[in-house]
Amino acid sequence: MHRIRTLQGAFVLFAAAVLPNVSHSQKAAPAEPASPVIPATSNSPTVDQIRARGYVICGSGHGTTGFSAPDKDGNWKGLDAETCRAIAIAVLGDGSKVRFVPLTGQQRLTALQTGQIDVLPRTTSWTLRRDANGINFTYPNYYEYDAFMVRKDLGITQTKDMQGATICVQTGSTNEVTVADLSRKFNLGLKTVLFDNVAASRQAFFTGRCDGLITDASALAAVRATQAQNPDDYIIFPASGNSEALTPSVRHGDDRWFDIVKFVVQAPIAAEDMGITQANVDTMLKSDDPRIARFLGVEPGNGKALGLDERWAYNIVKQLGNYGEMFERNVGKNSPMKLDRGLNRLYRDGGLMYPYVFN
């Protein structure tokens with residue numbers, strides 16, 4: 001225990017010196033957390049550390065609206081923030097027991113690899129080289145495509161029109177590679193202006209330093225809606241035409257923790273597929289469907305397999321709802337972004353969100 005406290009103290013000192021924006025979260029969800037039954041052993045060093053300190057440490061973006069951004073009261077909101085809360089619910093029974101560490105594109109993977117954070121649910125694309133370099137990607141919580149935003153008065157409506165354009169890019173992102181690939185593929189002579197954080201790249205774009213800004217289409221929609229003086233002055237269009245899987249990740253070396261985070265990400269998707277919502281989850285406890293009984297922990301086994309409370313999935317849905325509910329309030333029709341589900345619909349509705357088997 002003394003060693004754990006020493007490590008905790010070391011991290012606090014590190015966070016204060018290197019990552020000064022470590023943020024505390026105060027509110028998890030409208031519903032009250034259920035009292036968890038915490039198993040005596042987890043078979044996971046990461047879970048043991050989390051339970052000893054009392055909260056999960058999650059990497060986040062620097063204010064990415066809809067995914068991870070603090071509101072006016074300092075409470076972190078967004079789809080990625082709620083993924084972090086879901087992990088805390090599964091492990092600790094309470095979605096408020098989280099801490100968010102804002103990280104740049106360059107910092108995020110190193111912070112995960114070196115143990116400065118427990119999990120990285122931060123708009124990070126699943127790529128081969130990242131996966132092979134000490135990172136275990138779980139399951140996607142959002143499917144995205146890269147896009148450009150430019151001023152309408154430039155008359156540019158597609159990538160092939162961007163001959164000689166300057167592009168604001170965040171260092172350490174997949175977009176840096178995308179711009180280079182597009183420039184070579186279409187002989188565009190694109191010029192990149194690199195920035196070490198999201199805020200700087202956006203500010204540079206709106207002050208006219210670059211002709212275009214490249215990032216995820218959803219992020220551009222949020223930027224246009226919240227930062228442009230006149231959103232109608234800007235147009236957004238696909239950059240490469242390729243889709244990417246934004247996927248929460250953990251570091252190599254703790255297979256049980258990897259298993260837990262994988263199925264926590266999956267739980268809201270499975271709940272939506274089975275028709276379980278935040279409003280009806282208590283009624284669903286009485287369902288005759290054996291799939292639902294296993295999922296909600298009425299029929300035991302799943303919790304024991306992961307070293308969690310048998311009702312860990314029930315607690316997630318009770319506090320946060322299913323994936324559709326999470327999507328709509330953070331980036332969908334009930335949010336300022338009002339994005340269409342698109343690729344993030346369930347597989348049966350033509351999307352890519354596919355629930356795995358909970359038994």
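The values are calculated or read from the model by the stated rules, or taken from the named source; none is laboratory data. In this text, all values refer to a predicted model and were calculated from it rather than measured experimentally. Counting neighbours? That spans all protein chains shown, and the Cβs are built from the backbone with ideal geometry, glycine included. Heavy atoms of the whole protein, side chains included, go into the accessibility calculation; ligands, DNA and RNA do not. Shrake-Rupley method; radii C 1.70, N 1.55, O 1.52, S 1.80 Å.
Using only the Cα atoms of region 270-357, build the gyration tensor, take square roots of its eigenvalues as a ≥ b ≥ c, and label the shape rounded, prolate or oblate: rounded if a/c is under 1.5, else prolate if a/b is larger than b/c, else oblate.
The shape class here is prolate.
Nothing charged except the Cβ atoms of Lys and Arg (+1) and of Asp and Glu (-1): what's the magnitude of the dipole of the chain about its Cα centre? Round to the nearest 20 debye.
600 debye
Distance between Cα centroids, region 169-214 to region 282-334: provide it in whole Å.
Cα centroid of region 169-214 versus Cα centroid of region 282-334: 41 Å apart.
Can you list residues whose amide H is under 5 Å from Lys77's amide H, if they're 5+ apart or on another chain and H is modeled 1.01 Å from N?
Here the answer is Ala69, Asp71, since their amide H atoms fall under 5 Å of that of Lys77.
Per residue of region 55-60, what does 6.51 cos²θ - 1.76 cosθ + 1.60 with θ = phi - 60° give for ³J(HN,Hα)? Whole Hz please, x for Gly and Pro, Karplus curve as stated.
Result, rounded to whole Hz: 7, 9, 9, 10, x, 9.
In whole percent, and with a 1.4 Å probe on the protein chains, what portion of the accessible area of the chain is carbon and sulfur?
About 50 percent, which is the carbon plus sulfur part of the accessible surface.
Name the residue farthest towards the positive end of the dipole of the chain from the options Val91, Gln266, Tyr314, assuming +1 on Cβ of Lys and Arg, -1 on Cβ of Asp and Glu, about the Cα centre.
So the residue we want is Val91.
For every other residue with a beta carbon closer than 14 angstrom to the beta carbon of Asp196, add +1 if it is Lys or Arg and -1 if Asp or Glu, then tell me the sum.
My count for the surroundings of Asp196 gives +1.
Take the alpha carbon gyration tensor of the chain, find the square roots of its eigenvalues, order them as a ≥ b ≥ c, and report rounded if a/c is under 1.5; if not, report prolate when a/b exceeds b/c, else oblate.
Note, shape of the chain comes out prolate.
Beyond a 24 Å Cα-Cα separation, which of these cross-linked pairs lie in this structure: Lys77/Lys304; Lys77/Lys338; Lys72/Lys333; Lys286/Lys338; Lys77/Lys262; Lys77/Lys333?
Numbers: Lys77/Lys304 31 Å; Lys77/Lys338 15 Å; Lys72/Lys333 21 Å; Lys286/Lys338 35 Å; Lys77/Lys262 21 Å; Lys77/Lys333 16 Å.
Distance filter (> 24 Å) returns Lys77/Lys304; Lys286/Lys338.
Any lysines with Cα under 25 Å of the Lys160 Cα? List them, leaving off those in the same chain fewer than 8 positions away.
Answer for Lys160, where 25 Å is the Cα cut-off: Lys152, Lys185, Lys191, listed by chain and number.
I need the shape label for region 211-316. Rule: rounded when a/c is under 1.5, else prolate if a/b > b/c, else oblate, with a, b, c from the alpha carbon gyration tensor.
Prolate.
Per residue, how much accessible area does the chain show when a 1.4 Å probe rolls over the protein heavy atoms, in square angstrom?
Averaged over the residues of the chain, the accessible area is 44 Å².
Divide by every residue of the chain the summed helix terms, -39500 (n - 2.57) for each DSSP H run of at least 4, and state the resulting mean residue ellipticity at 222 nm, rounded to the nearest 500 deg cm²/dmol.
-11000 deg cm²/dmol
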